[in-house]
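Participant: One structure, as C-alpha cells, below. Some questions next.
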Amino acid sequence: MEWSLRQFPPTLEVLVVHANAPLTERGRLRLAQCVVDDGWALRRAAERFQVTVTTAKRWADRYRELGPAGMADRSSRPHHSPARTSAPT
C-alpha cells in the first residue's frame with residue numbers, strides 16, 4: 001500500500017505545531033508561569049499570548065498540577081470509544 005504525503009499509517013499520530021505558534025510547549029510554559037508564578041490575571045495573560053481566557057486557565061491549571069511536564073502535547077484521540085462501529089471483516 002502506498003501512502004500519500006497527507007496520509008499516515010493508522011497507528012502513527014502526527015502533531016503539527018507551527019514553530020512560531022504562541023502555544024508551543026515553550027509558549028504554554030511561559031503563559032502558565034506568568035499566571036502561576038508571576039501573578040498575572042488570566043485575562044492579561046490570554047491577551048498577551050493571543051488565546052482565550054479558557055485556554056489560559058487550562059494551561060495554568062495544568063502547570064499547577066503537573067509542572068513543566070504538563071505543557072507537553074497530548075493526543076486528542078479519545079481513550080475509548082464505546083459506540084465505535086465493529087471492525088470490518
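Residue-wise test of (1) outside any helix (DSSP H, G or I); (2) at pLDDT 95 or above; (3) touching a strand residue (DSSP E or B) at 6+ places or on another chain (Cβ under 9 Å); (4) not basic (Lys, Arg).
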{"residue": "HIS18", "(1), (2), (3), (4)": "yes, no, no, yes"}
{"residue": "LEU23", "(1), (2), (3), (4)": "yes, no, no, yes"}
{"residue": "GLY27", "(1), (2), (3), (4)": "no, no, no, yes"}
{"residue": "CYS34", "(1), (2), (3), (4)": "no, yes, no, yes"}
{"residue": "ALA45", "(1), (2), (3), (4)": "no, yes, no, yes"}
{"residue": "VAL51", "(1), (2), (3), (4)": "yes, no, no, yes"}
{"residue": "PRO78", "(1), (2), (3), (4)": "yes, no, no, yes"}
{"residue": "SER81", "(1), (2), (3), (4)": "yes, no, no, yes"}
{"residue": "SER86", "(1), (2), (3), (4)": "yes, no, no, yes"}
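Participant: I would also like to ask the following. Could we say that THR85 is polar (S, T, N, Q) and over 18 Å from the mean Cα position of the chain (by Cα) here?
Facilitator: Yes, satisfied.
Participant: Of all residues in segment 47-59, which are closer than 20 Å to ARG74 by Cβ and hydrophobic (A, V, I, L, M, F, W, C)?
Facilitator: Across segment 47-59, the qualifying residues are PHE49, VAL51, ALA56, TRP59.
Participant: Filter segment 26-45 down to residues that are in contact with a Leu (Cβ under 8 Å, 6 or more places away or on another chain) and under 20 Å from ARG74 (Cβ atoms) and give me whichever is surrounded by the fewest Cβ atoms within 10 Å (Cβ to Cβ).
Facilitator: VAL35
Participant: Which of the residues belonging to segment 53-76 are among the acidic types (Asp, Glu) and modelled with pLDDT under 95?
Facilitator: ASP73, the sole residue that qualifies.
The values are calculated or read from the model by the stated rules, or taken from the named source; none is laboratory data. Since the model is a prediction, treat every value here as computed from it, not as a measurement. We place every Cβ from the backbone using ideal geometry, glycine too, and count neighbours over all the protein chains shown.
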